[in-house]
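Below: the structure, in C-alpha cells.
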Amino acid sequence: MTPEEQVKIADGLDAFFKGAGISGWGGEVNDDVADVFASMLCEASKCSKAIHWVPRPTYNPSRVWILTNLTRSAIES
C-alpha cells in the first residue's frame, strides 16, 4: 500500500469515526485496517440512509475499491 493510499484511508476512517461522534482515527493504516474499513462501510450502508452515497461493491471490496469509490463519491457529493 502506498503512503498516499494510507493517507486516504486514514482520512476516510477519521471522517467515519467523527461522523459517529467519536474523536476520530489516530491509528496506523495497514492491509488489515483497510479490509476492516471496507467491511465497516459495507455494514454501515445496510443500516443507514446517510451512508448510501458509498456505492456497494459486488464482491468483497479491496483497499483499491475503497480508495476509488470513496474518493469519487465524496467528490460527487
Out of the residues in the stretch 18-35 that are surrounded by 12 or more Cβ atoms within 10 Å (Cβ to Cβ) and of a type in the set (Val, Ile, Thr), which is nearest to Pro3 (Cα to Cα)? Val29
Taking the condition of being within 17 Å of Ser62 (Cα to Cα) and free of Cβ contacts under 8 Å to residues at least 24 places away in the same chain, how many residues in the stretch 17-39 meet it? 3
Give the stretch 16-44 a look and list any residue that's closer than 14 Å to Leu67 by Cα and not in a helix (DSSP H, G or I), or say none. Val29, Asn30
Can you pull out the residues in the stretch 1-15 that are surrounded by fewer than 16 Cβ atoms within 10 Å (Cβ to Cβ), part of a helix (DSSP H, G or I) and in contact (Cβ under 8 Å) with a residue 40 or more places away in the chain? Glu5
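A short reminder: the numbers here are calculations on the coordinates, not readings from a lab. All values reported here derive from a predicted model rather than from experimental measurement. So basically every Cβ, Gly included, is an ideal-geometry build from the backbone, and we count neighbours across all protein chains shown.
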